[in-house]
Amino acid sequence: MQVVLYIAITLLTVAGMEFVAWAAHKYLMHGALWIWHEDHHRPHHKDGFFEKNDLFFLVFAIPSAASYIIGLNVDGWFWLTFVGIGISIYGLIYFLIHDVYIHRRFSWFRQLDGKYSRAILRAHGHHHAVTEKDGAESFGLLVVAKKYFGKRSEWADEKTKA
Ligand SMILES: [Zn+2]
Ligand SMILES: [Zn+2]
């Protein structure tokens, strides 16, 4: 039964990270840490392949690494290893969807086209419509508001109305 518990901890951590990432994006990246996030909204500020915004991968690697170190070394804390694994999995999903699929830093899944993937693109495209620190919406990645779903034609109508 231990295995079921560990899998549950991993999955809950992945799901919880969507909330953590949303909150960090809304309150830190568009708050005190806008200086690191700014070049992600204003690509002309970036210098070469990397953005200052990429520093956030290192920031999120800290709690993940700490979970692995404590989980694997401290008696009674083995479960924390799976929190570390969950954070790593979310980081990988975030990289694949946000950096590769949405922003096309690598040309891996260009042909991906489904209801959910289109909704993710629209929601994040909406987030990027604002290039200032304040006033943006859609700070999450995987949890997408209902309004971003729907047929291509319906969306085109809504876009012209907005
Ligand atoms: Zn942002
Ligand atoms: Zn983005």
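The values are calculated or read from the model by the stated rules, or taken from the named source; none is laboratory data. Because the structure is predicted, anything quoted here is derived from the model rather than measured. Glycine gets a Cβ as well: all are built from the backbone with ideal geometry, and neighbour counts include every protein chain shown.
Checking the stated criteria, TYR68 turns out to be farther than 15 Å from LEU142 by Cα, more than 16 Å from ligand 1 (Cβ to nearest atom), touching a helix residue (DSSP H, G or I) at 6+ places or on another chain (Cβ under 9 Å) and hydroxyl-bearing (Ser, Thr, Tyr). Only one entry in PHE49, PHE57 is out of contact with any Asp or Glu (no Cβ under 8 Å at 6 or more places or on another chain), surrounded by fewer than 14 Cβ atoms within 10 Å (Cβ to Cβ) and part of a helix (DSSP H, G or I), namely PHE57.
Filter region 19-45 down to residues that are surrounded by fewer than 16 Cβ atoms within 10 Å (Cβ to Cβ) and either free of Cβ contacts under 8 Å to residues at least 24 places away in the same chain or part of a helix (DSSP H, G or I) (or both), then give me how many there are. Working first, answer last.
If we filter region 19-45 for residues that are surrounded by fewer than 16 Cβ atoms within 10 Å (Cβ to Cβ), which is where we start, we get 19-20, 23, 26-28, 31-32, 34-35, 42-45.
Subset that is either free of Cβ contacts under 8 Å to residues at least 24 places away in the same chain or part of a helix (DSSP H, G or I) (or both): 19-20, 23, 26-28, 31-32, 34-35, 43-45.
Adding up the residues that qualify gives 13.
Would you mind telling me which numbered condition in (1) hydrophobic (A, V, I, L, M, F, W, C); (2) within 16 Å of ligand 1 (Cβ to nearest atom); (3) over 20 Å from GLY135 (Cα atoms); (4) in contact with a helix residue (DSSP H, G or I) (Cβ under 7 Å, 6 or more places away or on another chain) ALA21 fails? Condition not satisfied by ALA21: (3).
Scanning region 82-94 for residues that are touching a residue at least 24 places away in the same chain (Cβ under 8 Å) and either more than 23 Å from SER138 (Cα to Cα) or away from ligand 1 (no atom under 16 Å from the Cβ) (or both) yields PHE82, VAL83, ILE85, GLY86, ILE87, SER88, ILE89, TYR90, GLY91, ILE93. Taking region 106-136 as the range and being within 16 Å of ligand 1 (Cβ to nearest atom), farther than 15 Å from GLY150 by Cα and over 12 Å from the mean Cα position of the chain (by Cα) as the test, the residues that pass are GLY125, HIS126, HIS127, HIS128, ALA129, VAL130, THR131, GLU132, LYS133, ASP134, GLY135, ALA136. Condition check for TRP79 on (1) more than 15 Å from ligand 2 (Cβ to nearest atom); (2) aromatic (Phe, Trp, Tyr); (3) at pLDDT below 95: one failure, at (3). PHE49 falls short of the stated requirement of being out of contact with any Lys or Arg (no Cβ under 6 Å at 6 or more places or on another chain), modelled with pLDDT of 90 or more, within 16 Å of ligand 2 (Cβ to nearest atom) and of a type outside the set (S, T, N, Q).
For every residue, the table says whether it meets (1) surrounded by fewer than 18 Cβ atoms within 10 Å (Cβ to Cβ); (2) basic (Lys, Arg); (3) more than 14 Å from ligand 2 (Cβ to nearest atom).
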position: ALA66; (1), (2), (3): yes, no, yes
position: VAL83; (1), (2), (3): no, no, yes
position: TYR94; (1), (2), (3): no, no, no
position: ARG104; (1), (2), (3): yes, yes, no
position: ALA123; (1), (2), (3): no, no, no
position: HIS128; (1), (2), (3): yes, no, no
position: VAL143; (1), (2), (3): yes, no, yes
